[in-house]
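Chemist: Questions regarding the structure given below will be posed in turn.
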Amino acid sequence: MRCDLCPSEASVYLRYNGTHLCSEHFCSYVEKRVKKEVRKEIDVFRGDTIGVAVSGGKDSMVMLSILRSIFNERNGINLACISVDEGIAGYRPPSLEIVRRYCSENGIEYRQRSFSEMGLTMDSVAPMSGENTPCTYCGVFRRRLMNDEARKAGAKYLATGHNLDDLSQSVMMNFVRGDLERLARLGPHAKVRPGLVPRFYPLRMIPERESLLYAMLSDVPFWDGVCPYWEAALRNEYRDIVDGLEDRSPGSKYSILSAYDRMRPMLAGEHPPSDSGTCSCGEPCNGRRCKVCEYLDVLRKRIAGP
Ligand SMILES: [Zn+2]
Ligand SMILES: [Zn+2]
């Protein structure tokens, strides 16, 4: 098979639009879609900073490398790479090493935060998770540190590496649960409550498989370890459903997101970002206490024992 765009041998077939592409044209097709998404969702000018949440996995590294090719000294837009060390021995240190090295080789500002600032590590939290999964605590603490560091860096936006698969699964999951509020908060964010840095997803239109392929074909370094605490039961159920739909009718993942995009203005109107409360820790929250403080209390009580 030949590439649809040049005489080279095709290395990729994209079922959802029936095209065959060589490595080079495949990579530029990925970059083109990322650029389009970025242009659509954010407004930046010379001197602005964009925070980039990077774990060292394939998606966040692909995102960082493409954002670096878009934003650089030429247009005067600064990238601040932000990583969080959750305290997972054997898993996080090697991935952070990849991120650090990539940033220093490519002249990207690197900022790191750590769960140890809150007096804990995921290695100590995981055995005490109780009725929640370790991911529940990890996600809440990680988002707090990410947002805080993005704010400190003066970032106008925070980019995260969620791809088309992640987001179409999240849309389906919240839709099936009838959780419209969470669906509204999924973003990308046009409006957020004060104190939160608006998030956007540069890889939103890139299927997971293409993100991996891009990383391999463009020699983007990444860490492919699996978190020892990852309990994917529910998420996997939706992964199977969405993959099954895509298999039977190619393009389903895209149509899930485009249906969601058409619903977004309505959802945002019905569930505007509330500025209902401020927690005693100073962070915005729903109600009187934020999730971080609530979870820290629970965990401290468990550590202290009955
Ligand atoms: Zn080609
Ligand atoms: Zn709080």
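Chemist: Test of understanding: among Tyr214, Tyr238, which residue is aromatic (Phe, Trp, Tyr), surrounded by 15 or more Cβ atoms within 10 Å (Cβ to Cβ) and within 16 Å of ligand 1 (Cβ to nearest atom)?
Modeler: Details: Tyr238 fails: within 16 Å of ligand 1 (Cβ to nearest atom).
Tyr214 is the lone residue from the list that is aromatic (Phe, Trp, Tyr), surrounded by 15 or more Cβ atoms within 10 Å (Cβ to Cβ) and within 16 Å of ligand 1 (Cβ to nearest atom).
Chemist: Moving to a separate point now. Would you check if Arg113 is over 30 Å from Gly305 (Cα atoms) and among the basic types (Lys, Arg)? Reasoning before the result, please.
Modeler: Numbers: over 30 Å from Gly305 (Cα atoms): no; among the basic types (Lys, Arg): yes.
It is false that Arg113 is over 30 Å from Gly305 (Cα atoms) and among the basic types (Lys, Arg).
Chemist: Checking the conditions here, which among Arg300, Arg235, Arg288 is part of a helix (DSSP H, G or I), at pLDDT below 90 and within 16 Å of ligand 2 (Cβ to nearest atom)? Give the derivation first.
Modeler: Numbers: Arg235 fails: within 16 Å of ligand 2 (Cβ to nearest atom); Arg288 fails: part of a helix (DSSP H, G or I).
On inspection, the qualifying residue turns out to be Arg300.
Chemist: Counting residues that are more than 30 Å from Phe26 (Cα to Cα) and charged (D, E, K, R), which helices (runs of 4 or more DSSP H) fully inside region 120-217 reach at least 1?
Modeler: Of the helices (runs of 4 or more DSSP H) lying wholly inside region 120-217, those with at least 1 residues that are more than 30 Å from Phe26 (Cα to Cα) and charged (D, E, K, R) span 122-125, 134-152, 164-177, 180-185.
Chemist: Still on this model: Can you tell me how many residues within region 201-211 are crowded, with 23+ Cβ neighbours inside 10 Å and hydrophobic (A, V, I, L, M, F, W, C)?
Modeler: Residues flagged as crowded, with 23+ Cβ neighbours inside 10 Å and hydrophobic (A, V, I, L, M, F, W, C) within region 201-211 amount to 2.
Chemist: Here's a follow-up. How about region 252-285: which of its residues are away from ligand 2 (no atom under 16 Å from the Cβ), part of a loop (DSSP other than H, G, I, E, B) and surrounded by 15 or more Cβ atoms within 10 Å (Cβ to Cβ)?
Modeler: Pro273
Chemist: Moving on. Quick one: Arg142 ticks every box in (1) closer than 24 Å to Met61 by Cβ; (2) surrounded by fewer than 17 Cβ atoms within 10 Å (Cβ to Cβ) except a single one, so which number is it?
Modeler: Failing condition for Arg142: (2).
Chemist: Still on this structure, I have one more. If you check Glu37 against the conditions, is it among the acidic types (Asp, Glu), more than 16 Å from ligand 2 (Cβ to nearest atom) and under 18 Å from Pro188 (Cβ atoms)?
Modeler: On the way: among the acidic types (Asp, Glu): yes; more than 16 Å from ligand 2 (Cβ to nearest atom): yes; under 18 Å from Pro188 (Cβ atoms): yes.
Yes, satisfied.
Chemist: Residues that are away from ligand 1 (no atom under 16 Å from the Cβ), touching a residue at least 12 places away in the same chain (Cβ under 8 Å) and of a type in the set (Ser, Thr, Tyr): list the strands (runs of 3 or more DSSP E) wholly contained in region 1-106 that include at least 1 such residues.
Modeler: Details: elements: 12-14, 19-21, 49-53, 78-85.
So the answer is 49-53, 78-85.
The values are calculated or read from the model by the stated rules, or taken from the named source; none is laboratory data. These numbers were taken from a predicted model, which means no experiment stands behind them. FYI the Cβ positions are ideal-geometry reconstructions off the backbone, even for glycines, and counts take in every protein chain you see.
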